[in-house]
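Down below is the structure, laid out as structure tokens.
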Amino acid sequence: APGAPVSRGEPYTEVESVKAVSDVVAPLSGEIIAVNDALATTPETINEDPYGDGWLVTVRLSDLAEVDALMDAAAYEAQLT
């Protein structure tokens, strides 16, 4: 919910599929300022458009230095293979 804190490396919500429930872990710390309420009626959007309408929350970051620890897209892709 808006106003809720999130902490880097800690789960802040769950996503549920037909076979499993998975934690969503915060990559950075801060405060949730917006929630994508449309996902309540169209949860498939997370898979269909994850970089567009499938967003989960907007977070106001509390520690900008944490951004330096994130991987860029190429490093993340390399880790997957």
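Probing with 1.4 Å while keeping every protein chain in the model, the per residue accessible area of segment 36-81 equals 81 Å².
With Cβ to Cβ distances under 13 Å as the rule, what net charge do the other residues near LEU61 carry (K, R +1; D, E -1)? Residues close to LEU61 contribute a combined charge of -2.
Within a Cβ distance under 15 Å of VAL24, other residues only, what is the Lys/Arg minus Asp/Glu net charge? Taking every Cβ under 15 Å from that of VAL24, the sum is -3. Normalised by the number of residues in the chain, the mean separation of alpha-carbon contacts (under 8 Å, six or more apart) gives a relative contact order of 26 percent.
Accessible area of the chain with a 1.4 Å probe: how many percent of it is carbon plus sulfur? Don't skip to the answer; put the middle values down first.
Numbers: 3260 of 6120 Å².
The computed percentage sits at 53.
With a simple spin-label model that places each label point 7 Å from the Cα along the Cα-to-Cβ direction, the separation between MET71 and GLU44 comes to 3.0 nm.
On a full-extension model of 0.36 nm per residue, what is the gain between VAL21 and ASN36, subtracting their alpha-carbon distance, rounded to one decimal in nm? Present the calculation step by step, with values, prior to reporting the outcome.
Numbers: separation 15, 0.36 × 15 = 5.40 nm, distance 1.88 nm.
Contour length minus the Cα-Cα distance gives 3.5 nm.
The gain in end-to-end length when the LEU61 to ALA1 segment is fully stretched comes to 20.1 nm, 0.36 nm per residue minus the alpha carbon separation.
The values are calculated or read from the model by the stated rules, or taken from the named source; none is laboratory data. Small disclaimer: the values here were computed from a predicted structure and weren't measured. Every residue, glycine among them, receives a Cβ derived from its backbone with ideal geometry; neighbour counts consider all protein chains shown. Surface areas here come from the heavy atoms of the whole protein model, side chains and all, with no ligands, DNA or RNA. Shrake-Rupley method; radii C 1.70, N 1.55, O 1.52, S 1.80 Å.
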